[in-house]
Structures are given as structure tokens and as C-alpha cells.
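Participant: A single structure is presented below for examination.
The values are calculated or read from the model by the stated rules, or taken from the named source; none is laboratory data. Predicted model, so just to flag it, every value in this text is computed and none were measured. Virtual Cβ from ideal backbone geometry, glycine too; neighbours counted across all protein chains shown. Please note that ligands, DNA and RNA were not included when accessible areas were found on the heavy atoms of the full protein model with its side chains. Shrake-Rupley method; radii C 1.70, N 1.55, O 1.52, S 1.80 Å.
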Amino acid sequence: MSTTVYVPRDSAARSVGADEVAARLVERLGDDVRVVRNGSRGLLWLEPMVEVETERGRVAYGPVGASDVDGLLDAGLLDGAGHELCLGPTDEIPWLSGQQRVTFARMGVVDPLSIDDYRAHGGLAGLRAALAMTPERVVQEVTDSGLRGRGGAGFPAGIKWKTVREQDGLKYICCNADEGDSGTYADRMLLEGDPFTLVEGMLIAAHAVGATVGYVYLRSEYPAAAETFRTAIEIAYSHGLLGQSVLGSDLSFDLHLRIGAGAYICGEETSMLESLEGRRGEIRAKPPIPAVSGLFGRPTVVNNVITLATVPMVLADGAATYAALGTGRSRGTQVFQLAGNIARGGIVETAFGISLGELVDDWGGGTASGRPVRAVQVGGPLGAYFPEELFHLPMDYEAFAAEDGLVGHGGIVVFDDTVDMAAQARFAMEFCAEESCGKCTPCRIGSVRGVEVIDRIIADQDRDANLAVLEDLCEVMTDGSLCAMGGLTPLPVRSALKHFADDFTGPGATPPPRATPDAMHLEDRHPKPIAGNVGTSSTEVSS
Amino acid sequence: MTTQAGTLADVVSAAVAAHRDEPGPLLAILHDVQRELGYLPREATALLAEELNLSRADVHGVVTFYRDFRDTPPARRTVRICRAEACQARGARDLVAHAEQRLGVAVGETTPDGGTELDQVFCFGNCALGPTVEVDGRLHGRVDATRFDDLVGDLE
Ligand SMILES: Cc1cc2nc3c(=O)[nH]c(=O)nc-3n(C[C@H](O)[C@H](O)[C@H](O)COP(=O)(O)O)c2cc1C
Ligand code: SF4
Ligand code: FES
Ligand code: FES
């Protein structure tokens, strides 16, 4: 009998040597070991994390380098023996057992490409439950669960599905796996570590709305995820999970994987649809919304990977079980991703309502550098930067919106006290300039001007006037942009100005007192027209 | 031996044929052609336009919209550094500066011997283990200057 050893196939684990560890194990043990390339458990700072199947259950070791393998084997790795790298039984690691894993329940547990393993760990229970219900009932369950879109905007999934359900004819399910936000990697992990859950979620969506064809739009920066998911699709077809009469039911569903080509904007749903149709990823004006007229003009469900991958659990355990978790209008769990300068980076899946500070300090253990935390960016490049004074904020869509921020896809990027927040604000504008689809002026031109203006502020040229110009630019972008790329770029910029005003004083200048929100509301803000027509809304001045 | 033009036309035809039945196949076809040839020569996009019954401007417009597509041959090696926020928090700015100095080129350029191209990416989804660098399609986490030199040294 060969012993089963788990070595993650996850890209993050591979980036720090998991392949070499797996190779060394096989080299030493040959047929005496069965190496399963599982997904990552999400304790990324301990990757490569190796697990051994023992009589006591799985025992974990990490971080294991290829050069540790011989010593571990000599110490009795295959029996789960003690060693300085031993983390104990996996299920008893507090960082893991303290989480509420729902969407990520199987993550790291199963062999990602084994249907048997998938079934043995609760896979297909949600689909079976759904197929036993009318489509309308399934839509109602998803609505009742309170599940909101995890891709950024937090729109209730059930309501979107209901709209698509009510349309006639050919319909599509499009899964948004573009995951362009820095600090986020949950979509990638799911595709690499538990891909059948996404297939199952898309099948449930297809049954619910009456769709027959699905696409997963995956960014090209994730080649390993593409490979695993492409294989998962083939396996699903060979087991009758895709194609005609799924699991012997009336449901027929074909699923295709499409790869993006390096454009952040293609994560915006209408841009993604353009790209899926083989065109430039330029934003479409809404209405019509994709639920009415989406891919090739047909009614289309566009949902994020995590949204769709949560649906099987909602159906398997019931809407009430899911809705029992969370706070306010943010129901269920979020797969938080701790990133950046953080001691314990990785996945914390837990109910909404946990505070930002608990995530960063208690789970994350503060910075990796050991220096004080200074700023945290939540929700990707379009999300706000928060100081420690706001660590009490509960992770909740509405609470974050009230502080001019967003929860977004759940990425949390930590910076220590060496961060230069003027540089971060400048980068937000630079990123927008780089990634703008070019369709509207406030975004395309505004972001370029934004970089220039911030450069002048940093260089202490006419600071007050330029701060006023920057504020006006932000307002024009917020009010006049066609989509949230230009519309939300002011969030990181303004939050940096508001919470970290000291960083905007140039070399040699005396720092002004820390700006209060009021101090940033400069008098006499007449928006200066930026090049071109920026639309009527840009002339509005608030306050 | 096939001529260069013959090869090119074959590659384009094969890519078109492989996606003939798919709706909106242009991106998939461009990916296929670039995988085969390493880049998208002008003649290839012209041929593609013809085969797909699109205008050359349409195809050109798509090619230029996406960062992945290129109309010049790639260097023998490609080094891509993540410049997005989570990697910035771990020192990506310094790493980019170091890489530029080490290779003697700016981001977006190829070393004079045509050996190594230095490029940037905004996030590889490895944001807990940055700075992240990709060398010829392989991802490396926690890359500091020393490790970068090791990775690049391996190339020479
Ligand atoms: C600039 C921009 C980029 C976006 N990128 C993504 C992305 O990478 N993944 C994603 O799921 N949603 C992204 N979104 C949100 C999508 O437009 C859309 O709201 C989402 O895919 C809907 O799915 P959900 O309701 O399940 O979240 C982005 C939006 C904008 C404005
Ligand atoms: S805001 Fe920017 S990305 Fe969005 S439509 Fe306008 S130019 Fe395109
Ligand atoms: S289980 Fe590993 S040392 Fe106790
Ligand atoms: S920010 Fe560098 S890998 Fe995500």
C-alpha cells in the first residue's frame, strides 16, 4: 500500500517550489507514494504545504522546500511523525478550523480532477437538489439566500437570474473569471483547486434561467488555471455532467473556456461580452443590461466565479442556512484574500461582519516586514485605502460604501509604514490611464491629467491650486465616466488624500496638519474643463 | 521544406479551421496563431482578415487593443514583473528598478543581444507571495534582488 501525500498544484504554491517538492518525493519513493496535486488550503505563507494521509487523518507540514524532503522522510513523514515543519493534523490548525468554509469547503481537500473525490465530498448535491425543483423555485432559493455578486458590484444574484428567466429563446451563462484586481486570487484558486464546483454552479444557473450554453472568460495571466479547468470540462463531459441530458435530466448544457488577452477592462461585464464576441473590449452603454441583451444580443447571466461556485452550497444546504450567516444586507460568507505586505497571507473564508482589523491583525498577523501597518487597500485597484483608524469597519457592502470604499472581490492589500501614499494615488491614475478602454473622455484623458497633476503636487508646484484641480478631476471622472473604471478610480485617489494627506507634501515642504475630510473640500471648486466634451454631469459642483 | 509564406498561411488556415464553428472566434484564432509563430506578423493578420471576411482594420483594431498580442517576434526569453499594488507593497518598485539596471533595459524593451525581454504585468494572482516574477511562463514568488539575479543568471 502506497501512502498518499498531497502537494498543491496551486500556482502560488508552485511559485515557491511545490513542483520541486513533488518531484523529490517521487524520486525518493517511486511507487511507495501516491502524490495528489490538490488545491491549496489557503495558508499561503506556509506553502508549499505538504499533507500526509495517516490513520489519524491528514497531517500537515510547511513550508516544505525540496531540500527538506529527505530530512522529513528520515524523520518519518509518511507516518505523520513530528518534525520542526510539522503543523499537526490539518483539520486542527486553528487558522483553518476557525474559518467558516462554505464556498471553499472542498478547497485543498479533494483531488481537483477526480469526480469520485468530488462526489465523496458533497459534490453534485446542489445540482441534484436543483434538478428536483422547478427553475422558478431555484431562482427563489438563490434570491432568499441573499447571495450577492462577488465580482465587485454586489448585485443580488437571484434578481439577475429572475430577469434572465423571464426572457425567451437562446440564453447564455457567462462566468467572469477575469480576476484582474490586484490582491485577489480566489477565482484562480477555485479553478485550480475545485473546478467542478464552478461547473456545477453554472449547471444550476442554466437550469434556473433556461440557458443551454456557457462560457468561462479567463484571463491569460492564469495559464495553469486554464489547463486545469480545460481538463475539468473534458472530464465533466465524459461523465455526462455536460452536454445532452445532464445526469439523465432534461437539462442540456455546453460549456466553453475562452482566454482573454491582457486587458483589465475586460473584467467589466459588457467589455467581457465584446471580447467573447471577438472584438475590442470596449464598454457597451447600458441599457440594455446583459440580462436582457448580452452575449450576441441574447439574454445572459454574467456572474463571477465565486458567485457561481457558491450556488451549489446554497442549493445543497438550503437558502436559510446560507442566509443565517452574515450581517445586514451582506449575507453568507466572503472568501477574503489577504495580500501584500502581510505575515500570514492567504484565504480567510468567514461570514460578513468580521472587522477589517480582525482580518489584517488577527488572521493576517500584521505585516510581513514586521513594521507597523500604515494603509490597507480593500477591493482592488478601484478600492479605497484605509488607515488603522478605520479597522473597526465591518466587512459589509453598505458599511464600506458609507466610508467611500468597496468590498469588491474581497481582496485586502496591506502596506507597511514605508508606503508613499502619493505614489499609490499616482499609480491609481496611471493604472486607469493604462487600462482605460478609451471610449469616454473623463476616464481616458482625466486619468492622464491625474498623473500629471499628482506629479506637480508631489513636486510642490502650486500645491493648493493643483490639489483643487485634482479634486475637480476626481469629480469629473466620478460623475462623467461611462463605467466604473473611470468612475471609481477617484476612490483610491481621494482616500489617499483624505487619510494620508501628509504624503502629498513635497520634498522640503512643511507638512500641513493631517487633513480632515473638510479640509479637503476646497473652496471655489469650479471644474476646469479637461480636453474634449466630458458630458453635462461634469459641470455639477457638489456641496 | 515549406517556405516561410507557406508556413504562415498554413498556420492561419489551421487556426481558422480549428475555430470555424465557434461564434466570435477572432481572439481564439489570434491566440492560436501567436502560439505557433510567437507573434502576429502583418501578413498573418492580413490573411486572417481575408479568411474571416473582416476588414484589415477590424483585425488590426483587435490586435492592438489587447496587450498580449504583438507584431514583432519575441526575444528568446521573456521576464515579466508584476507591478500591481500587492506586489508594490512587497517591494515591486525597487525590484523593477533593479531588473532594469541588471538587464540594462527599461520595462518593455529587449536586451541589445535580443536575448531577454523585460515586461510588466498587473497581477498574476500571486498576491500573498510577492514580489512575483514570471520567467518564460514560470511563476516565481517572493523574488528579491538576489533571487532575481539567480533567475536571470540561469538564463545566460
Ligand atoms: C473595470 C472593471 C473591472 C471588473 N473586473 C471584474 C473581474 O475581473 N471579475 C468579475 O467578476 N467582475 C469584474 N467586474 C464587475 C463586472 O462588471 C460584473 O459586475 C460582475 O462580473 C457581475 O458578476 P457578479 O454579480 O457575480 O459579481 C469589473 C467591473 C469593472 C468596472
Ligand atoms: S470609464 Fe474608462 S473604461 Fe469605462 S467606458 Fe469610459 S473610457 Fe472605457
Ligand atoms: S502531529 Fe506533527 S508533531 Fe504532532
Ligand atoms: S499584485 Fe502581484 S501577483 Fe497580484
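Participant: Taking the range A:149-166 as the region of interest, how many residues are of a type in the set (A, V, I, L, M) and crowded, with 24+ Cβ neighbours inside 10 Å?
Facilitator: Number satisfying all stated conditions: 2.
Participant: A:LEU170 fails exactly one of the following numbered conditions: (1) in a loop (DSSP other than H, G, I, E, B); (2) touching a helix residue (DSSP H, G or I) at 6+ places or on another chain (Cβ under 8 Å); (3) open to solvent by 10 Å² or more (accessible area, probe 1.4 Å); (4) hydrophobic (A, V, I, L, M, F, W, C). What is the number of that condition?
Facilitator: That leaves (2) as the condition not met.
Participant: Got a number for residues in the range B:9-27 being open to solvent by less than 20 Å² (accessible area, probe 1.4 Å) and within 20 Å of A:SER275 (Cβ to Cβ)?
Facilitator: Qualifying residue count, the range B:9-27: 5.
Participant: Out of the residues in the range B:53-62 that are among the small types (Gly, Ala, Ser) and open to solvent by less than 70 Å² (accessible area, probe 1.4 Å), which is farthest from the other protein chains (Cβ to nearest Cβ)?
Facilitator: Per the stated criteria, the residue is B:SER55.
Participant: So, one more: Assess whether A:SER145 counts as being crowded, with 24+ Cβ neighbours inside 10 Å, away from ligand 4 (no atom under 16 Å from the Cβ) and not hydrophobic (A, V, I, L, M, F, W, C).
Facilitator: Against the criterion (crowded, with 24+ Cβ neighbours inside 10 Å, away from ligand 4 (no atom under 16 Å from the Cβ) and not hydrophobic (A, V, I, L, M, F, W, C)), A:SER145 qualifies.
Participant: Related question: Please work out which one of (1) open to solvent by less than 20 Å² (accessible area, probe 1.4 Å); (2) in contact with a Lys or Arg (Cβ under 8 Å, 6 or more places away or on another chain) is the condition A:TYR385 fails and give its number.
Facilitator: (2)
Participant: Related question: So which of A:ASP462, A:ASP455, A:ASP472 is closer than 26 Å to B:ALA86 by Cβ and either among the acidic types (Asp, Glu) or free of Cβ contacts under 8 Å to residues at least 24 places away in the same chain (or both)?
Facilitator: Answer to the check: A:ASP455.
Participant: Test A:GLY80 against the stated conditions and say whether it is over 24 Å from A:ALA224 (Cβ atoms) and surrounded by fewer than 16 Cβ atoms within 10 Å (Cβ to Cβ).
Facilitator: Against the criterion (over 24 Å from A:ALA224 (Cβ atoms) and surrounded by fewer than 16 Cβ atoms within 10 Å (Cβ to Cβ)), A:GLY80 does not qualify.
Participant: Right, something else. Could you pull out the residue among A:GLU192, A:GLU221, A:GLU179, A:GLU166 that is acidic (Asp, Glu) and more than 16 Å from ligand 4 (Cβ to nearest atom)?
Facilitator: A:GLU166
Participant: Among the residues of the range A:348-366, is there at least one that is assigned to a loop (DSSP other than H, G, I, E, B), touching a Lys or Arg at 6+ places or on another chain (Cβ under 6 Å), open to solvent by less than 20 Å² (accessible area, probe 1.4 Å) and not aliphatic (A, V, I, L, M)?
Facilitator: Yes.
Participant: Continuing with this model, one more query. Taking B:PHE65, is it within 16 Å of ligand 1 (Cβ to nearest atom) and crowded, with 17+ Cβ neighbours inside 10 Å?
Facilitator: So B:PHE65 passes the test.
Participant: Now for a different question. Among the residues of the range A:1-26, count how many are of a type in the set (A, V, I, L, M, F, W, C) and within 12 Å of another protein chain (Cβ to nearest Cβ).
Facilitator: Looking only at that region, the number is 4.
Participant: I need the full set of residues from the range A:173-183 which are open to solvent by 10 Å² or more (accessible area, probe 1.4 Å) and more than 14 Å from chain B (Cβ to nearest Cβ), in order please.
Facilitator: Of everything in the range A:173-183, just one residue is open to solvent by 10 Å² or more (accessible area, probe 1.4 Å) and more than 14 Å from chain B (Cβ to nearest Cβ), namely A:ASN176.
Participant: Quick check on A:LEU338: is it within 16 Å of ligand 4 (Cβ to nearest atom), open to solvent by less than 30 Å² (accessible area, probe 1.4 Å) and at pLDDT 95 or above?
Facilitator: On the way: within 16 Å of ligand 4 (Cβ to nearest atom): yes; open to solvent by less than 30 Å² (accessible area, probe 1.4 Å): yes; at pLDDT 95 or above: yes.
Considered against the rule, which asks whether it is within 16 Å of ligand 4 (Cβ to nearest atom), open to solvent by less than 30 Å² (accessible area, probe 1.4 Å) and at pLDDT 95 or above, A:LEU338 comes out as yes.
Participant: Residues of the range A:478-495 being within 14 Å of chain B (Cβ to nearest Cβ) and either away from ligand 4 (no atom under 16 Å from the Cβ) or not in a helix (DSSP H, G or I) (or both), which ones? Please lay out each step first, then the result.
Facilitator: Initially, the range A:478-495 is screened for residues within 14 Å of chain B (Cβ to nearest Cβ), giving A:485, A:489, A:491-493, A:495.
A:MET485, A:THR489, A:LEU491, A:VAL493, A:SER495 - these are the residues of the range A:478-495 that are within 14 Å of chain B (Cβ to nearest Cβ) and either away from ligand 4 (no atom under 16 Å from the Cβ) or not in a helix (DSSP H, G or I) (or both).
Participant: While we're looking at this one, here's another question. Kindly indicate whether any position in the range A:193-205 is under 19 Å from A:SER293 (Cβ atoms) and either acidic (Asp, Glu) or surrounded by 24 or more Cβ atoms within 10 Å (Cβ to Cβ) (or both).
Facilitator: Scanning the range A:193-205 turns up at least one residue that is under 19 Å from A:SER293 (Cβ atoms) and either acidic (Asp, Glu) or surrounded by 24 or more Cβ atoms within 10 Å (Cβ to Cβ) (or both).
Participant: For the range A:449-480, give me each residue that is open to solvent by 50 Å² or more (accessible area, probe 1.4 Å) and touching a His at 6+ places or on another chain (Cβ under 9 Å).
Facilitator: If the condition is that a residue be open to solvent by 50 Å² or more (accessible area, probe 1.4 Å) and touching a His at 6+ places or on another chain (Cβ under 9 Å), then no residue fits.
Yes/no per residue for (1) farther than 17 Å from A:GLU349 by Cβ; (2) hydrophobic (A, V, I, L, M, F, W, C):
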{"site": "A:ARG37", "(1), (2)": "yes, no"}
{"site": "A:THR54", "(1), (2)": "yes, no"}
{"site": "A:PRO63", "(1), (2)": "yes, no"}
{"site": "A:LEU78", "(1), (2)": "yes, yes"}
{"site": "A:ALA81", "(1), (2)": "yes, yes"}
{"site": "A:PRO89", "(1), (2)": "yes, no"}
{"site": "A:GLY98", "(1), (2)": "no, no"}
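Participant: Collect the residues in the range B:117-141 that are out of contact with any helix residue (DSSP H, G or I) (no Cβ under 6 Å at 6 or more places or on another chain) and buried (at least 16 other Cβ atoms within 10 Å of the Cβ), keeping them in residue-number order. Step through it out loud before you land on a result.
Facilitator: First, pick out the residues of the range B:117-141 that are out of contact with any helix residue (DSSP H, G or I) (no Cβ under 6 Å at 6 or more places or on another chain): B:117, B:119-124, B:133-134, B:136-138.
Of everything in the range B:117-141, those that are out of contact with any helix residue (DSSP H, G or I) (no Cβ under 6 Å at 6 or more places or on another chain) and buried (at least 16 other Cβ atoms within 10 Å of the Cβ) turn out to be B:GLU117, B:ASP119, B:GLN120, B:VAL121, B:PHE122, B:CYS123, B:PHE124, B:VAL133, B:GLU134.
Participant: A follow-up question, please. Can you pull out every residue in the range A:165-191 that is over 30 Å from A:PHE427 (Cα atoms), of a type outside the set (Ser, Thr, Tyr) and in contact with a Gly (Cβ under 8 Å, 6 or more places away or on another chain)?
Facilitator: A:ARG165, A:LYS171, A:ILE173, A:CYS174
Participant: Which one of these is closer than 30 Å to A:ARG188 by Cα and of a type in the set (A, V, I, L, M, F, W, C): A:ALA425, A:ALA468, A:ALA459?
Facilitator: None of the other options fit; the residue is A:ALA425.
Participant: While we're here: Write out, first by first residue and then by second, each pair whose Cβ atoms fall under 9 Å of each other, whose residues are 6+ apart or on separate chains, and whose first residue, in the range A:150-168, is farther than 20 Å from A:GLY380 by Cβ and within 14 Å of chain B (Cβ to nearest Cβ) while the second is open to solvent by 50 Å² or more (accessible area, probe 1.4 Å) and within 16 Å of ligand 3 (Cβ to nearest atom).
Facilitator: none
Participant: Taking the range A:434-448 as the region of interest, how many residues are buried (at least 24 other Cβ atoms within 10 Å of the Cβ) and away from ligand 1 (no atom under 13 Å from the Cβ)?
Facilitator: Going through the range A:434-448 one residue at a time, the tally reaches 2.
Participant: Got a sec? Which helices (runs of 4 or more DSSP H) wholly within the range B:63-156 have at least 1 residues that are within 9 Å of chain A (Cβ to nearest Cβ), in contact with a strand residue (DSSP E or B) (Cβ under 9 Å, 6 or more places away or on another chain) and modelled with pLDDT of 95 or more?
Facilitator: Hits in the range B:63-156: B:85-88.
Participant: Output the residues belonging to the range A:263-305 that are within 19 Å of the chain's Cα centre (by Cα) and either surrounded by fewer than 17 Cβ atoms within 10 Å (Cβ to Cβ) or among the hydroxyl-bearing types (Ser, Thr, Tyr) (or both).
Facilitator: A:TYR264, A:THR270, A:SER271, listed by residue number.
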